[in-house]
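Scroll down for the structure; my scribbles are underneath it.
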């Protein structure tokens, strides 16, 4: 597996080939279902993002985090149907590169909103230590329920771990 920073051709490639559950989740929170607009949005907000490639060079995963305000980040990821081929390598990348890079940003809260029906994403988030903090009924543009998964750590006040 090869990791790169976000780049236009890679992001557009993955967006055009997103797995079905990722499409459902992503477009439930966008103004429209235009893939090119979404890819361009990712490139605008993706200062802390990456594209993961299969050994054959094909882009498979886009992911990253967006700072919401000091110490709080929104984590995101979407992939193509080939995700299972690099799932283990992606998980290792998360533990070895992604989360340590966020450490440098001095986070105290990471959160991710996930469509309630995206069970694969929920299991993956939980494998990284995220917990389901809450449900958000009606969060999607046509009333879909989303879950808020998060990681929190103490900052001097009382927070869960």
Checklist line | Unmet criterion (only one of (1) loosely packed, with under 14 Cβ neighbours inside 10 Å; (2) more than 15 Å from the chain's Cα centre (by Cα); (3) closer than 25 Å to residue 126 by Cβ) for residue 68 | finding: (2)
Next item on the list: Please indicate, with yes or no, whether at least one residue in region 117-130 is in contact (Cβ under 8 Å) with a residue 24 or more places away in the chain, within 11 Å of the chain's Cα centre (by Cα) and within 23 Å of residue 44 (Cα to Cα).
Entry: no
Notebook entry, point to check: Does region 32-58 hold any residues that are in contact (Cβ under 8 Å) with a residue 24 or more places away in the chain and outside any strand (DSSP E or B), and which are they?
Noted result: 36, 39, 42, 43, 46, 48, 54, 55, 57, 58
Next item on the list: Could you pull out every one of the strands (runs of 3 or more DSSP E) wholly within region 82-161 that has 3 or more residues that are out of contact with any helix residue (DSSP H, G or I) (no Cβ under 8 Å at 6 or more places or on another chain) and surrounded by fewer than 16 Cβ atoms within 10 Å (Cβ to Cβ)?
Entry: 131-136
Check: Pick from 134, 74: which is within 23 Å of residue 43 (Cα to Cα) and in contact with a strand residue (DSSP E or B) (Cβ under 8 Å, 6 or more places away or on another chain)?
Finding: 74
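All of the numbers you see were taken from the coordinates with simple rules; none came from a lab. Values in this document were obtained by computation on a predicted structure and should not be read as measured data. Positions of Cβ are generated from backbone atoms using ideal geometry, with glycine treated the same way; all protein chains shown enter the neighbour counts.
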